[in-house]
Amino acid sequence: MHKNLCHTILFIALQISALLLVTGGTEKKIPKTNKGRASYYGDSFNGKRTANGERFDNSDFTAAHRTLPFNSYIRVTNLKNRLSTTVRINDRGPYIRSRIIDLSESAARRIGSYQHGIALVELEQLQLLKLNPIIDSIFRCEDVLDCLGNREHLRGESIRLWKTKDIIHMLYIANELYLEDDVDQVLITGSGFGPERTYSLVVTGFSNQQDAIRAADRFERKGFMKATPVSFR
């Protein structure tokens with residue numbers, strides 16, 4: 001099935017299953033789109049505190065913006081190659097006026113700007129997904145699901161691409177991976193309880209460990225900097 005058609009079906013299915021909730025809210029009004037230059041953090045920032053108090057992790061999909069609210073989800077699209085990813089705002093900057101956003105290294109790799117340093121990008125604030133009791137219940141009660149919330153199983157060898165405690169960010173990244181990359185199925189696994197529950201982005205079904213290692217190398221170059229073959233047995 002063509003990915004564009006899958007895109008349409010995917011979001012209809014999400015709405016029907018109540019995994020999507022369009023936000024109205026009363027949050028601060030900001031421009032929906034913005035264009036400008038994006039840079040990315042150097043290695044020296046890894047582990048330092050961000051403006052919202054987190055430890056910066058270059059392998060996470062985060063970014064710094066001067067005015068967007070913390071924990072906003074922003075789709076960043078490289079206007080040269082149309083590659084995009086969703087980042088979460090957790091820092092302030094950039095402090096060079098000609099730039100509009102600072103990306104983590106993982107995000108820069110996902111949009112193909114890592115080798116160039118600077119890229120012309122478009123920013124779009126995403127408000128399609130919101131944590132609600134249905135999403136919370138589904139992803140807390142099941143340990144292996146696809147990005148629609150359907151129960152699934154791991155098959156053969158697997159690769160963990162990324163981990164986060166933020167299920168909404170995970171859903172954005174998982175759906176992007178399914179729609180924009182050559183991946184037949186993207187799974188979300190959960191482990192732990194309560195506020196410590198962690199979600200992993202997983203691709204599975206590799207026939208042997210060597211195939212999984214080669215695939216992990218490809219995903220690492222594409223921005224999943226901690227892609228690792230794993231066994232969930």
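Each value in this text was obtained by applying a stated rule to the coordinates, not by laboratory testing. A quick note: this is a predicted structure, and the numbers were derived from the prediction, not measured. For neighbour counting, all protein chains shown are included, and Cβ atoms are generated from backbone atoms with ideal geometry for every residue, glycine included.
What the table shows:
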{"item": "Options 45, 76, 103, ranked by Cα towards positive dipole end of the stretch 31-115, top entry (Cβ charges)", "result": "76"}
{"item": "Segments 156-166, 186-196 sorted - mean Cβ within 10 Å per residue, highest first", "result": "156-166, 186-196"}
{"item": "Difference of contour (0.36 nm per residue) and Cα-Cα distance, residue 81 to residue 221", "result": "48.8 nm"}
{"item": "Residue-wise HN-Hα coupling along the stretch 176-186, computed from phi with Karplus coefficients 6.51, -1.76, 1.60 (Hz; x: Gly, Pro)", "result": "4, 4, 5, 7, 10, 10, 7, 10, 6, 8, 10"}
{"item": "Amide proton proximity set for residue 152, modelled H, under 5 Å, gap of 5+", "result": "144, 145, 146"}
{"item": "Percentage relative contact order, the stretch 23-126, counting C-alpha pairs under 8 Å, at least six apart", "result": "39"}
{"item": "Segments 169-175, 147-153, 50-56 sorted - mean Cβ within 10 Å per residue, highest first", "result": "169-175, 147-153, 50-56"}
{"item": "The stretch 133-230: Rg to Rh, with Rh as the Kirkwood radius over Cα pairs", "result": "0.95"}
{"item": "Fraction of beta bridges assigned by DSSP in the stretch 23-126 that are antiparallel (%, nearest 5)", "result": "75"}
{"item": "Dimensions (Å) - the stretch 23-126, Cα atoms, principal axes, largest first", "result": "39, 32, 23"}
